[in-house]
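Step one of this worksheet: look at the structure below.
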Amino acid sequence: MIVAASVTAAGAKDARSDFSVSVVVRPAANIELRSVPSGLDISAADLRRGYIEVLQPTQLTVRSNSPNGYALEVLTVAPVLSSMIVEGLNSDVALGWEGGTIVQRWQKPQAVNLSLKFRFELAPGLSAGNYPWPVRLAVRPLE
């Protein structure tokens with residue numbers, strides 16, 4: 001038995017295998033909302049003017065491992081606006097009542113802190129009062 005075990009062990013030393021391993025990291029992005037207005041207080045003066053400038057900024061952090069950047073989705077969730085302007089990116093962005101996608105490009109994966117301000121053109125037929133915050137933000141990586 002001892003002889004058989006040593007022959008088997010000697011044969012195992014001569015065996016060799018090569019294989020390669022490949023890993024693909026899919027682009028990912030996430031958003032951390034740090035400060036979002038809880039609602040929208042629309043006054044009679046705002047209605048006469050036709051728009052409201054939201055003084056409290058929406059503060060968020062976008063992280064992505066994509067070397068190409070990210071797409072910020074601004075989606076309208078309450079029917080109180082007819083259009084909006086988003087400030088705080090490379091330039092001001094005008095979007096319609098339904099919202100839209102804002103593409104931000106960069107050269108390497110990173111995290112970016114944003115402080116966005118909104119100007120909402122008010123929808124016709126509103127009355128003064130408190131409304132729920134009308135936009136939702138989401139992010140996806142650029143591939």
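Summary table below
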item	result
All positions within segment 113-127 that are loosely packed, with under 14 Cβ neighbours inside 10 Å and either farther than 19 Å from Ile42 by Cβ or touching a strand residue (DSSP E or B) at 6+ places or on another chain (Cβ under 7 Å) (or both)	Asn113, Ser115
Counted residues, segment 36-57 - those being part of a loop (DSSP other than H, G, I, E, B) and under 23 Å from the mean Cα position of the chain (by Cα)	7
Residue in segment 90-109 that is surrounded by 13 or more Cβ atoms within 10 Å (Cβ to Cβ) and among the basic types (Lys, Arg) present	no
Test set (1) free of Cβ contacts under 8 Å to residues at least 40 places away in the same chain; (2) part of a strand (DSSP E or B); (3) under 28 Å from Arg26 (Cα atoms); (4) aliphatic (A, V, I, L, M) - Val86 fails condition number	(3)
Among the candidates Tyr70, Tyr131, residue that is over 25 Å from Ala28 (Cβ atoms) and among the aromatic types (Phe, Trp, Tyr)	Tyr131
Within segment 58-78, tally of residues that are more than 10 Å from Val139 (Cα to Cα) and either assigned to a strand (DSSP E or B) or charged (D, E, K, R) (or both)	7
Residues within segment 72-86 that are crowded, with 18+ Cβ neighbours inside 10 Å and of a type outside the set (S, T, N, Q), tallied	6
Given (1) of a type outside the set (Phe, Trp, Tyr); (2) in contact (Cβ under 8 Å) with a residue 12 or more places away in the chain; (3) touching a Ser or Thr at 6+ places or on another chain (Cβ under 9 Å), index of the condition Ala138 fails	(3)
Residue pairs meeting the criteria (Cβ under 9 Å; at least 6 apart or on separate chains; first in contact (Cβ under 8 Å) with a residue 12 or more places away in the chain, in segment 23-37; second in a loop (DSSP other than H, G, I, E, B) and among the small types (Gly, Ala, Ser))	Pro27/Ser66; Ala28/Ser66; Ala29/Ser66
Asn130 modelled with pLDDT of 95 or more, surrounded by fewer than 15 Cβ atoms within 10 Å (Cβ to Cβ), touching an Asp or Glu at 6+ places or on another chain (Cβ under 8 Å) and assigned to a strand (DSSP E or B)	yes
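The values are calculated or read from the model by the stated rules, or taken from the named source; none is laboratory data. These numbers come from a predicted model, not from an experiment. Don't worry about glycine lacking a Cβ; one is built from the backbone with ideal geometry, like all the others, and counts go over all protein chains shown.
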